[in-house]
1. Counting only protein heavy atoms and using a 1.4 Å probe, what share of the accessible area of region 61-131 belongs to carbon plus sulfur, as a whole percent?
2. What whole number of Å gives the distance from the Cα centroid of region 311-344 to the Cα centroid of region 239-264?
3. Which GluC sites (Glu not before Pro) in region 329-387 sit in a loop by DSSP (not H, G, I, E or B) and have at most 13 other Cβ atoms within 10 Å of their own Cβ?
4. Taking the alpha carbon gyration tensor of region 324-405, what are the square roots of 5 times its eigenvalues, largest first, to the nearest whole Å?
5. For region 342-481, what is the convex hull volume of the alpha-carbon atoms per residue, in Å³?
6. Taking Rh as the Kirkwood radius computed over C-alpha pairs, what is the Stokes-Einstein D of region 46-184 at 25 °C in a medium of viscosity 0.890 mPa s, expressed in µm² per second?
7. Using the Kirkwood radius built from alpha carbon pairs, what does the Stokes-Einstein equation give as D for region 133-237 at 10 °C and 1.306 mPa s, in µm² per second?
8. Estimate the FRET efficiency between Asp75 and Val398 by the formula 1/(1 + (r/R0)^6), using the beta-carbon distance for r and 45 Å for R0, to the nearest 0.05.
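The values are calculated or read from the model by the stated rules, or taken from the named source; none is laboratory data. Small disclaimer: the values here were computed from a predicted structure and weren't measured. In this analysis, Cβ positions are derived from the backbone assuming ideal geometry, glycine residues included, and neighbour counts consider all displayed protein chains. Areas reflect the complete protein model, heavy atoms only, side chains present, ligands, DNA and RNA absent. Shrake-Rupley method; radii C 1.70, N 1.55, O 1.52, S 1.80 Å.
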Amino acid sequence: MKDDTLFPLYNKSEGADAPHPPPKVSQDGKSSGVTSMHARRVYIETYGCQMNVSDSELMAGILTQSGHQTVPHLDDADVVLVNTCAIRENAETKVINRLKHLNHRKRRHPELIIGVCGCMAQHLRDRLLDAAPYVDLVMGPDAYRNLPVALDSLARDVESHVSLTDRDPFVGLRLDKNEDYADIAPIRKEGIRAWLTIQRGCDKMCTFCIVPFVRGRERSLPLKLLVEDVEKLVDQGFKEVVLLGQTVNSYHDDTADFGDLLYAVGEVNGLERVRFTSPHPADATDSMIDAMANSPVVCNHLHLPLQSGSTEVLERMRRTYTAEAYRTLVSKLRERVPDLSLTTDIIVGFCGETDEEFMETYQMMADIRYDSAFMFKYSEREGTLAHKALPDDIPEKVKGERLEQIIELQENISADINNAAIGDIVAVLVEGESRRDADRYHGKTDGFKTTVFPKADSHIGEIVSVRVHSTTAHTLIGEIA
Ligand code: SAH
Ligand code: F3S
């Protein structure tokens, strides 16, 4: 089960501080290309989904471009930016606790600038400053261009010893449907897999979901630019690209749809694999399925959020598909894409969910047999359509019991599917040394299963054939065939 895991993200620092020309700030306050006089060392800490990881890379790009430096350890930083998630209440609680901890640090080091960025900043707005008045910066996902201006102004206060209570916080919360950061080069950690945002925002308005309110309207980046980005990633040594969007398959630019993009990216020389997350079932067009079936580079892996197996619940969630339509889609996908690995997201205990409706979800999971699933209890989010119109009436205890039931079901199914792979030869893209055993490598199969095997004479970045001889709960174990 996924939760809102911490992904501390860091980049190589960019050399020593050098004297910089004075800042140039354009009339609209946009700041790309601005060079800071108050260069800071920034530690970025990321919570939540891959989109946030990708946004942190973007923030690192914006900061570095303007003369700041990102550092790998909080101890080396004079600014900490916490990139946050608002999807469930526990995601926000986790960040509030972290902020309290950072405040202790700030008491010892009053020059420390604390910034809260991302979805929770956008969601809580002023309430965040009420709860954590020691926060210096509150910035939503469409305002990151203002980071250099914000840091300059805050750094000026710090340098002139303005007392902590007199420092004015910098607040940037305007959502901008035209902001796609197309001109910004993100700074990524070196590796095998790169995440590439192809679309921002979401137009779907599922009633339970805060995302459309904190990330704004859907917008896609131009295909030509994305293909160039992928070419650059391959030049930098990445072998796999994961295309990111909230409803990634509703991607479109003037002439191309998501299937066109998959084909185009699949043709980039030297790219071994492309994946994407997360598609919306209602946008799973033939064009997408064709590309999955025909482009050898597009992985046979689909994360297809179901949410509920009950058409009535899906209606209350405004998911725009029925349980039947979802089943039909899965049959079609499995026919067209052999060996498809299928994963999903499920919410239990949504407003008014009866025992029968819950059992429809349970049954659907038993029938479809997902390779794995992220499973959640419904968490009411202020500002969503459900919060306004539907009572959160399923007792916490019932939500917990339902969650336990489907987790147990899914664990058994995942174990069965993994055990059935014993004896198979799987193609694994080697990612790095196993954390537990320096003599082993780990990597992922086409279907996104973690696989561990003795190194033999294999190398990071190549695709090797591994014969599976055993499994643990979520890992395949084998040796080079
Ligand atoms: N389309 C997005 C969805 C982001 S949220 C994507 O890229 O996957 C990820 C998952 O969190 C959703 O699919 C849903 O299962 C779950 N989720 C969203 N809002 C929730 C809420 N209010 N309570 C519990 N789970 C929620
Ligand atoms: Fe949220 Fe539904 Fe969009 S889950 S991100 S509103 S597709």
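1. On the way: 1350 of 2800 Å².
Its accessible area is 48 percent carbon and sulfur atoms.
2. The two parts, judged by their Cα centres, are 20 Å apart.
3. Values: sites: Glu335, Glu353, Glu356, Glu357, Glu360, Glu380, Glu382; in loops: Glu353, Glu380, Glu382.
Sparse-neighbourhood loop GluC sites (Glu not before Pro): Glu382.
4. Values: eigenvalues 152, 40, 27 Å².
So the equivalent ellipsoid measures 28, 14, 12 Å along its semi-axes.
5. Details: hull volume 18.6 nm³, N = 140.
Here the figure is 133 Å³ per residue.
6. Numbers: Rh = 15.2 Å.
Rounded, D is 162 µm²/s.
7. Numbers: Rh = 16.5 Å.
Reported coefficient: 96 µm²/s.
8. On the way: r = 45 Å, r/R0 = 1.00.
Once the sixth-power term is evaluated, E becomes 0.50.
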